[in-house]
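Right, one structure below, let's go through it.
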Amino acid sequence: MIVLHGYQYSVYLRIVRMVLAEKGVPYSRVEVNPFASDMPKEYLELHPFRRVPTLVHDDYLLYETQAITRYVDEAFPGPSLQPKHARHRGRMTQIVSIIDSYGYLPMVRQVFSQRVFGPRIGRLADEAQVRSGLEGSSRVLAALESIAAPDGPIAGGGEWSLADFHLAPMMAYLTAAPEGEPLVAECGKLAAWWELVRKRTSFRETDPGLPTGEKPIG
Ligand SMILES: N[C@@H](CCC(=O)N[C@@H](CS)C(=O)NCC(=O)O)C(=O)O
């Protein structure tokens, strides 16, 4: 039995949920908010770095999203989400690493959290953070555009891979900001990829929506 611990609005949780959906693997969820001051003590025993998600498969505990998605892909039947060809597989790993190392902070924490999420829960955007996030996001999009395969799954070979499902939740949050959408529209290959990936059932069924705070701003 699989239990997935995570926060409903977390992009990293959504990556794992998309991969589980693509593989057709059933699981149950435990909601954990890593931003709350009163994180359950039991969760800190699972994840010493206080992040989400964490996956528990019977007696096997795993955290770090890249490790979880590879494990799910390799431990369960269903379509393989790692390309067969070494070059496409290399591209997949490169894209996942770019997203984690250079994409998450500007796209999610600086642009989305400040511009979209914060105001929904009554917090004003820090405009300097948004500006810096848009600059960082543009650099990441340009890098991805230069290596993305044309016309389909981003790592190439016509196979949907872990790279697509790592990027899609981050792209959803970036494009939820009014300034994010045009940045993606300028990138031909990425814009075409985005139109395709957002139609997938695994993407649509894992949409967390937005919080409806007591006193949203804007
Ligand atoms: N390296 C971790 C990153 C996960 C991560 O940063 N998750 C965010 C939520 S999207 C989190 O837990 N943030 C809590 C914090 O920054 O304190 C992974 O790959 O799973």
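Looking at the chain, which longest stretch skips every one of the trypsin sites (Lys or Arg not before Pro) that is in a DSSP loop with at most 13 other Cβ atoms within 10 Å, leaving the sites themselves out? Numbers along the way, then the final one.
Values: sites that count: 50, 84, 199.
No qualifying site falls inside 85-198, the longest such stretch.
With each pseudo-label sitting 7 Å past Cα toward Cβ, what's the residue 101-residue 139 distance in nm, one decimal?
Going from the residue 101 label point to the residue 139 one covers 1.2 nm.
Counting Lys and Arg as +1 and Asp and Glu as -1, what is the net charge of the other residues whose Cβ lies under 15 Å from the Cβ of residue 26? Intermediate results must be reported in sequence, preceding the final value.
Numbers: positive: 17, 23, 29; negative: 22, 58, 205.
Taking every other residue near residue 26 into account, the sum is 0.
Would you mind working out the magnitude of the charge dipole of region 2-75 relative to its Cα centre, with +1 at each Lys and Arg C-beta and -1 at each Asp and Glu C-beta, to the nearest 20 Debye?
Numbers: 8 positive and 10 negative charges, 55 e Å.
Approximately 260 debye in magnitude.
Given a 1.4 Å probe and every protein chain left where it sits, what share in percent of the accessible area of the chain is carbon and sulfur? Show your work: numbers first, answer last.
Working: 5700 of 10740 Å².
Here carbon and sulfur together make up 53 percent of the probe-accessible area.
Using the Cβ atoms and a cut-off under 14 Å, what net charge is assigned to the surroundings of residue 137, where Lys and Arg are +1 and Asp and Glu are -1? List each step's numbers first, then the result.
Values: positive: 109, 115, 131, 139; negative: 135, 145, 179, 181, 186.
So the surrounding residues net to -1.
Report relative contact order for the chain in percent, whole number only (criteria: Cα-Cα under 8 Å, sequence separation at least 6). Before the final figure, lay out the partial values.
Values: 324 pairs, mean separation 51.9, N = 218.
Dividing the mean separation by the residue count of the chain yields 24 percent.
Top mean-square fluctuation among 171, 39, 107, Gaussian network model of the chain, C-alpha springs under 10 Å?
Among 171, 39, 107, the largest mean-square fluctuation in the Gaussian network model of the chain belongs to 39.
Please give the calculated 222 nm ellipticity per residue for the chain, where each DSSP H segment of at least 4 residues contributes -39500 (n - 2.57) and the sum is spread over every residue; nearest 500 deg cm²/dmol?
On the way: 9 runs with 99 residues, N = 218.
My calculation for the chain gives -13500 deg cm²/dmol from helical runs alone.
With the other protein chains left in place, how much accessible area per residue, in square angstrom, belongs to the chain at a 1.4 angstrom probe? Could you put the intermediate results ahead of the total?
Values: 10740 Å² over 218 residues.
Per residue, the chain has 49 Å² of solvent-accessible surface.
In whole Hz, with x marking every Gly and Pro, tabulate ³J(HN,Hα) for region 4-19 from phi via Karplus 6.51 cos²θ - 1.76 cosθ + 1.60, θ = phi - 60°.
10, 9, x, 9, 3, 8, 6, 5, 5, 4, 5, 4, 5, 4, 5, 5
Under 5 Å between amide H atoms, partner at least 5 residues away or on a different chain: which partners does residue 30 have, H built in plane at 1.01 Å?
Here the answer is 4, 5, 6, since their amide H atoms fall under 5 Å of that of residue 30.
In region 8-52, what GluC sites (Glu not before Pro) fall in a loop by DSSP, with at most 13 other Cβ atoms inside 10 Å?
Here no loop site has a sparse enough neighbourhood.
What is the sum of charges, Lys and Arg at +1 and Asp and Glu at -1, for the other residues whose Cβ falls under 13 Å from the Cβ of residue 201? Mind dumping the intermediate values first?
Numbers: positive: 17, 23, 198, 199, 200, 204; negative: 22, 205, 207.
Local charge sum for residue 201: +3.
Over the chain, with a Gaussian network built from C-alpha contacts below 10 Å, which listed residue (35, 112, 203) shows the highest mean-square fluctuation?
Looking only at 35, 112, 203, the largest GNM fluctuation is found for 35.
At what distance in nm do the modelled label points of residue 49 and residue 181 sit from each other, each positioned 7 Å from its Cα along Cα→Cβ?
3.4
Residue-wise, which Karplus ³J(HN,Hα) couplings in Hz belong to region 109-124, taking 6.51 cos²θ - 1.76 cosθ + 1.60, θ = phi - 60°, and x for glycine or proline?
Result, ordered by residue: 6, 8, 7, 5, 4, 6, 7, 10, 6, x, x, 5, 10, x, 10, 6 Hz.
How big is the charge dipole of the chain about its Cα centre, in debye rounded to the nearest 20, if each Lys and Arg gets +1 on its Cβ and each Asp and Glu gets -1 on its Cβ? Kindly include the intermediate steps, with their values, before the conclusion.
On the way: 24 positive and 25 negative charges, 39 e Å.
So the magnitude is around 180 debye.
Could you check how many percent of all C-alpha pairs in the chain are farther apart than 25 Å? If you can, show how the numbers build up before the last one.
On the way: 9217 of 23653 pairs.
Counting pairs separated by more than 25 Å, the tail of P(r) holds 39 percent.
What ³J(HN,Hα) values, in whole Hz, does the Karplus curve 6.51 cos²θ - 1.76 cosθ + 1.60 give for region 67-72 when θ = phi - 60°, with x put for Gly and Pro?
The phi angles translate into 5, 5, 5, 5, 4, 4 Hz.
The values are calculated or read from the model by the stated rules, or taken from the named source; none is laboratory data. All of these numbers come straight from a predicted model, not from anything done at the bench. Here the Cβ is made from the backbone with ideal geometry for all residues, glycine too, and neighbour counts use every protein chain on show. Ligands, DNA and RNA are excluded from the accessible area calculation, which covers all protein heavy atoms including side chains. Shrake-Rupley method; radii C 1.70, N 1.55, O 1.52, S 1.80 Å.
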